[in-house]
Amino acid sequence: MLFLVPGNRALSLLMALLLPRPPALSPAHSSLLGDGFPRTYSCPTRRTRRHVSERGGRPSICRASWQELVGVLVFSSIPFTAVKAIANSSVGETLRRRLEETKKADVEKSKRFKALVEKARVESFWYGKERPRWLGPISYEYPSYLTGEFPGDYGFDIAGLSKDRVAFEKYFNFEILHARWAMLASLGVIIPELLDQLGIVQFVEPGDTLDYLGIPGLHIAGSQGVLVIAICQALLMVGPEYARYCGIEALEPLGIYLPGDINYPGGRLFDPLGLSRDPVAFEELKVKEIKNGRLAMVAWLGFYLQAALTGKGPLQNLLEHVADPLHNNVLSTIKLM
């Protein structure tokens, strides 16, 4: 996210103006912002299940002011606004002219590569009629409309969701999109907790809470601020989702040509390591990606349930289970509810 890049002074100043600091300030207050930013701090709060508002005895979901929430809205619009500004500027015009000079050759190169990919798919073990099936050697009448054209097609569709070809392509796009987010999010859950367990990084002082952008009540984890975090995340995704809706041509106003399709755009932007240069390896990587992505989505369901039931991360739950498997397991957790 653009506004989290250290050293961006213009955004730092804008953040300081839009996200005013609460009255109580202390060096122990936590924020995700690095030392290159002017910090906005949250008031220290004890780790209780619910905060009680000052006005009465009702619990508060978020204690952030409307100015602070407007600040989050402004920052969420920065990437999309920046892209539009560049596209409509003289810089964008120069980039488009350069693209027009090379696009014809790039399109021809893309067509030749797609032909090689089709050939590799036909010869691959993971595609076609002879591909592995989800029941293995067990005899079963698999749907005839699942032909093994897409990666990760094991003939599983007991609900008949893929009968319509258009719907099938749409569902595959949704699946691979969520699979990629789940894989990234899994690392985002495990790595910070691992660093904290090893004592390498301490994200929050004892007795304080970790607030997103330093906004009071907008917590990264815990029982507060979840609704507001969901709203902010939806706002942050407006730009990328709009670009995805427009298709891979959406970046051409910036002089960027993507040779692939909506699921595998390719190019230097989405394949900087050149992993798709070998058509055979590319088709196998597609299968590995969707398989690991499905595991990540299931894992995230486990992360969510563990956090909801125990209030702890997956590594902490794993360590406690290994230390005492008879008393730290699913059944013992359910009994305590």
Calculated FRET value between ALA185 and ILE231, using beta carbons and R₀ = 25 Å, to 0.05: 0.90
Percent of alpha carbon pairs in the stretch 65-126 separated by more than 15 Å? 72
Between PHE156 and LEU305, with labels modelled 7 Å along Cα→Cβ, what's the label distance in nm to one decimal, could you check? 1.6
Across the Cα atoms of the stretch 229-276, what radius of gyration and what greatest pairwise Cα-Cα distance (Dmax) are found, in Å? 12.7, 36
Under 12 Å from the Cβ of LEU116, count the other residues' Cβ atoms, weight Lys and Arg +1, Asp and Glu -1, and hand me the total. +3
Distance in nm between pseudo-label sites at TYR171 and SER90 (7 Å out along the Cβ direction from Cα): 5.3
Past 20 Å, Cα to Cα: identify those pairs from LYS119/LYS286; LYS163/LYS288; LYS170/LYS291; LYS129/LYS286, in the order given. LYS163/LYS288
Under 19 Å from the Cα of LYS104 - lysines, other chains or at least 8 residues apart: LYS114
Would you mind ranking MET183, MET237 by Cβ crowding within 10 Å, fewest neighbours first? MET237, MET183
In Å, the Kirkwood hydrodynamic radius from C-alpha pairs for the stretch 90-158 sits at 15.3
Which loop trypsin sites (Lys or Arg not before Pro) in the stretch 147-178, with loop taken from DSSP, have no more than 14 other Cβ atoms within 10 angstrom of their Cβ? LYS163
Evaluate the Debye formula for the stretch 121-210 with equal point scatterers sitting on the alpha carbons, no solvent, and hand back log10 of I(q)/I(0) at q = 0.15, 0.19, 0.24 Å⁻¹, in q order, two decimals. -0.71, -0.93, -1.24
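Using r as the Cβ-Cβ distance of LYS109 and TRP134, and R0 as 51 Å, what FRET efficiency do you calculate, to the nearest 0.05?
Working: r = 37 Å, r/R0 = 0.72.
In this case the efficiency is close to 0.85.
Every read-out reported here was derived from the displayed coordinates using simple, explicitly stated rules and does not represent laboratory data. Because the structure is a prediction, the values reported are computed rather than measured. For neighbour counting, all protein chains shown are included, and Cβ atoms are generated from backbone atoms with ideal geometry for every residue, glycine included.
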